[in-house]
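Note sheet for the following structure.
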Amino acid sequence: MPLTEAQLVRILPNARPVAGVFVPALNQAMACYRIDSPVRAAAFLAQVGHESGHLRRLVENLNYSAQGLAGTWPGRYRGTDGKPNALALRLARQPEAIANNAYADRNGNGPEDSGDGWRYRGRSLIQITGRANYRAAGAGLGLPLEQQPELLEQPEHAAMAAAWWWAEHGLNELADAGRFEQITRRINGGLNGQPDRLELWAAASEVLA
């Protein structure tokens, strides 16, 4: 069931400027990883649509204010008074410094001064984050992602990596069962942005029915 450009724009209207580029990339990726039914495709497109800002953002935006840091990582950047702590105030609006601090010694990254946090920040339509995850995705896709992480900024690789991650984490099966909330939790770790994800899922389900 190949996706058409008209269908994609109806599901993700803000993707119109990039739809022509992404339709073949998405069709190839979904076919490769058996996202091959209306229920699977609807769930997948809703989730990647939300995660990527309607396919327009392939690299994580880390330009946080101090308040944004405190809200996103309260255990690290929020003080006991509920306000941004000194570290948040020092890092605010410095994306590279934020990435290197927030992602240090996590997901296979080295310490803060290694630069791994920035080098392996989130990329693709479902954000692959951390050296270990880039290594795993690279092995799964046959791409040198650990050496060239920026490959995930290219539409064909961004789509393929997202579909690979989706299949690797059992999300086709959750889509078959209609367990959309669990899909969100597996992708996000919580339910951040769930109203938008649900709205996109409803639109995709209607268009692809």
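Read-outs: derived from the displayed coordinates by stated rules, not from any lab. All values derive from a computational prediction rather than experimental measurement. Note: ideal-geometry Cβ built from the backbone for every residue, glycine included; neighbour counts use all protein chains shown.
Post the alpha-carbon centroid distance, the range 52-86 to the range 146-173, in whole angstrom. Cα centroid of the range 52-86 versus Cα centroid of the range 146-173: 24 Å apart. Toward the positive end of the charge dipole of the chain, with +1 on the Cβ of Lys and Arg and -1 on the Cβ of Asp and Glu, the farthest Cα among Asn61, Ala46, Asn101 is that of Asn101.
Using the Cβ of Tyr77 as centre and a radius below 12 Å, the other residues enclosed give a net charge of +4, where K and R count +1 and D and E count -1.
Label sites at Asn192 and Ala31, each approximated as a point 7 angstrom past Cα along Cα to Cβ, lie 3.4 nm apart. Here's the picture: charge each Lys and Arg Cβ at +1 and each Asp and Glu Cβ at -1 in the chain, and of Gly130, Ala29, Trp165 the one pushed furthest to the positive end of that dipole is Gly130. A Cβ-based charge dipole, computed about the Cα centre of the chain with Lys and Arg at +1 and Asp and Glu at -1, lands at about 380 debye.
Between Asp105 and Glu150, the simple label model (points 7 Å from Cα in the Cβ direction) yields a spacing of 3.0 nm. Once the C-beta distance of Ala86 and Ala132 is scaled by a Förster radius of 22 Å, the resulting FRET efficiency is 0.15 to the nearest 0.05. Among the listed values (i) -0.54, -0.94, -1.19; (ii) -0.44, -0.95, -1.33; (iii) -0.62, -0.95, -1.22, the one computed from these coordinates for log10 I(q)/I(0) by the Debye sum over Cα atoms at q = 0.10, 0.15, 0.19 Å⁻¹ is (ii). Couplings for the range 132-148, taken from phi via the Karplus curve 6.51 cos²θ - 1.76 cosθ + 1.60 with θ = phi - 60°, read 4, 6, 5, 5, 5, 5, x, 5, x, 9, x, 10, x, 6, 5, 7, 10 Hz in order; Gly and Pro are left as x. With θ taken as phi - 60° and the Karplus curve 6.51 cos²θ - 1.76 cosθ + 1.60 applied, the whole-hertz 3J(HN,Hα) list for the range 42-50 is 5, 5, 5, 5, 5, 5, 5, x, 5 Hz, x standing for glycine and proline. Note on the range 94-209: with charges restricted to the Cβ of Lys and Arg (+1) and Asp and Glu (-1), its dipole about the Cα centre is near 200 debye.
Distant-in-sequence amide contacts of Ile128, defined by a placed amide H-H separation under 5 Å and a gap of 5 or more residues or a different chain, comprise Arg123. Helix content alone sets the calculated 222 nm mean residue ellipticity of the chain: runs of n ≥ 4 DSSP H residues at -39500 (n - 2.57) each, divided across all residues, give -16000 deg cm²/dmol.
Taking the three principal axes of the alpha carbon atoms in the range 108-185, the coordinate ranges are 43, 25, 18 Å, sorted in descending order.
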